[in-house]
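Working notes, structure below.
The values are calculated or read from the model by the stated rules, or taken from the named source; none is laboratory data. All figures in this text were calculated on a predicted structure; none of them were measured in a lab. Every residue, glycine as well, gets a Cβ built from its backbone with ideal geometry; the counts of neighbours run over all protein chains shown.
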Amino acid sequence: MSHDPALEAHEHTEHAEHAAHARDPFIAKVSITVAVLAVMAATAGSLETVEGGRAITESSEAVLAQDKATDSWNEYQADSLKRHMYEIALAGNNARAEDYRGEIGKDRESQAKAREKAEDAEKDRDLRLRESAKHERRHHWLTGAATLIEIGIALSTVAIITARRTFWFSAMGLGAVGAGLFAFAYLN
């Protein structure tokens, strides 16, 4: 069974319209509530999916940035080893001293570039991880919002069947709390 918020919203709206044809003012009000809650649930459900996808994407980008940082640090270490070898060679062979000094200078420059690339990649990784965490938090708040709103829809249906206002008020309360969670997801 697939979860399609837009299709569910449309189905709830159709049920609400059908119930409204009974010409009972209470049923008409609850039917409107169902339609509003269905739209809210569909919106929260869709955004929940978007935020979950963004969290995964940012997390994957963080892994790639970490790989780049690791590669750059490995390059840094390799240049360090080469530089040390030239320094050892320089200490023992004065005939090629200028060549060794040149290589040592090149390796220092290469190390500086590798360090800069590694540090930039680590900054990118940290940014991506923060973004992933932000989207993951939103995803969780939106999941709660959608769940409460959907429970509100179910209580509205019970209100129509039993003709009891208590269920309708409870449904509107859950819808309001769900809307609050929805807003909190983006204000947090």
* In this structure, does Glu116 turn out to be in a helix (DSSP H, G or I) and farther than 26 Å from Arg54 by Cβ? -> yes
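If you take the residues of segment 58-69 that are among the polar types (S, T, N, Q) and touching a residue at least 12 places away in the same chain (Cβ under 8 Å), which of them is farthest from Lys113 (Cα to Cα)?
Quick first cut of segment 58-69, residues among the polar types (S, T, N, Q) only: 59-60, 66.
Now drop any that are not touching a residue at least 12 places away in the same chain (Cβ under 8 Å), which leaves 59, 66.
On the way: Ser59: 26, Gln66: 17 Å.
Across segment 58-69, the extreme among qualifying residues is Ser59.
Conditions (1) outside any helix (DSSP H, G or I); (2) among the small types (Gly, Ala, Ser); (3) under 24 Å from the mean Cα position of the chain (by Cα), marked per residue:
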position: Ser132; (1), (2), (3): no, yes, yes
position: Leu142; (1), (2), (3): no, no, yes
position: Leu148; (1), (2), (3): no, no, yes
position: Ala154; (1), (2), (3): no, yes, no
position: Ile160; (1), (2), (3): no, no, no
position: Phe169; (1), (2), (3): no, no, no
position: Gly178; (1), (2), (3): no, yes, yes
position: Phe184; (1), (2), (3): no, no, yes
* To do: Report whether or not Leu90 is part of a helix (DSSP H, G or I) and surrounded by fewer than 13 Cβ atoms within 10 Å (Cβ to Cβ).
  => no
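For every residue, the table says whether it meets (1) more than 23 Å from Ala69 (Cα to Cα); (2) among the charged types (D, E, K, R); (3) surrounded by fewer than 17 Cβ atoms within 10 Å (Cβ to Cβ).
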| position | (1), (2), (3) |
| --- | --- |
| Glu98 | yes, yes, yes |
| Asp124 | no, yes, no |
| Ile160 | yes, no, no |
| Phe182 | yes, no, no |
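Would you pick out the residues in segment 60-89 that are among the acidic types (Asp, Glu) and within 27 Å of the chain's Cα centre (by Cα)?
Let us first name the residues in segment 60-89 that are among the acidic types (Asp, Glu), namely 61, 67, 71, 75, 79, 87.
Passing the criteria: Glu61, Asp67, Asp71.
Does any residue of segment 43-64 turn out to be part of a helix (DSSP H, G or I), small (Gly, Ala, Ser) and in contact with a Lys or Arg (Cβ under 6 Å, 6 or more places away or on another chain)?
yes
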* Test: Glu58 is at pLDDT 95 or above, under 29 Å from His139 (Cα atoms), of a type in the set (D, E, K, R) and surrounded by 14 or more Cβ atoms within 10 Å (Cβ to Cβ) -> yes
* To do: Quick one: Gly173 ticks every box in (1) within 21 Å of the chain's Cα centre (by Cα); (2) surrounded by fewer than 17 Cβ atoms within 10 Å (Cβ to Cβ) except a single one, so which number is it?
  => (1)
* Being at pLDDT 95 or above and among the polar types (S, T, N, Q), is that true of even one residue in segment 169-186? -> yes
* To do: Would you check which residues across segment 132-188 are polar (S, T, N, Q), touching a helix residue (DSSP H, G or I) at 6+ places or on another chain (Cβ under 7 Å) and under 19 Å from Thr49 (Cβ atoms) and list them?
  => Ser132, Thr143, Asn188
* To do: For segment 84-122, name all the residues that are more than 19 Å from Ser72 (Cα to Cα) and of a type in the set (Gly, Ala, Ser).
  => Ala89, Ala91, Gly92, Ala95, Ala97, Gly102
